[in-house]
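The values are calculated or read from the model by the stated rules, or taken from the named source; none is laboratory data. In this text, all values refer to a predicted model and were calculated from it rather than measured experimentally. Cβ atoms come from the backbone with ideal geometry, glycine included; neighbour counts cover every protein chain shown. For accessibility, only protein heavy atoms count, side chains too; no ligands or nucleic acids. Shrake-Rupley method; radii C 1.70, N 1.55, O 1.52, S 1.80 Å.
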Amino acid sequence: MWFLVESENSINNTAPKVRIARRNERLNSSIIRHSQRYGEFSELLDKAEVAYWNDLGAGALVYLRKIFEKVTVQVAITAGIEYPHFETGNPKNFKQLLMTVDEQYHIIPSEFSDNGYRLFQELSNVVHGDYNEEVGLDKFESLYRLVVGILENVSNKQELRSAVQALGWNSDGGETA
């Protein structure tokens, strides 16, 4: 369990007067909704939903932004795309990295491919303090669906490549020896 408490006076007093503002159970294997459909991103999706259900719109969007950034970096690393990054591994110029990755691997679904970076900007607005909880809650469901669309797109491409390889087909449609 985790609790968010508010204190009427200093929490360091001998007998602070507190009230529980929020409480929730930690995610565990019995409540993980996405199982492992999206690999390491499943837990982050679940955390985003839990934040949303607890009226933490800004927190929910931070998780979605993290997913978007991580999947883009993961594809770049897998594809051997070089990009300038901080010691944490985060890209220094996410827009350029996203454009390069999407140009080569089309991770953004075609339905909103012209707005891939706009999605990242929208998710980043919460980090930069441009959104409050209410705005985050209002936009969550649509932004969540777009981020899941990216995960599905990447997953589908990987599954199709694996199927083609399992059949022994080469890139020109012929059989491999």
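Overview of values
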{"read-out": "In segment 81-177, trypsin sites (Lys or Arg not before Pro) in a DSSP loop with at most 12 other beta-carbon atoms within 10 Å", "value": "Lys92"}
{"read-out": "Protein-only accessible surface order, largest first, of Asp114, Asp55, Asp102 at 1.4 Å", "value": "Asp114, Asp55, Asp102"}
{"read-out": "Under 5 Å, built H, 5+ apart or other chain: amide partners of His85", "value": "Lys92"}
{"read-out": "Hull volume in cubic angstrom per residue (convex hull over the Cα atoms of segment 89-177)", "value": "134"}
{"read-out": "Segment 71-126: GluC sites (Glu not before Pro) in DSSP coil with no more than 14 other Cβ atoms inside 10 Å", "value": "Glu82, Glu87"}
{"read-out": "Probe 1.4 Å, protein heavy atoms only - accessible area per residue of the chain in square angstrom", "value": "64"}
{"read-out": "Convex hull of Cα atoms in the chain, direction-averaged projection (nm²)", "value": "14.4"}
{"read-out": "From phi via Karplus (6.51, -1.76, 1.60), per-residue ³J(HN,Hα) for segment 52-66 in Hz, x at Gly/Pro", "value": "4, 4, 9, 6, 9, x, 5, x, 4, 6, 4, 4, 5, 4, 4"}
{"read-out": "Within the accessible area of the chain (1.4 Å probe), percent carbon and sulfur", "value": "48"}
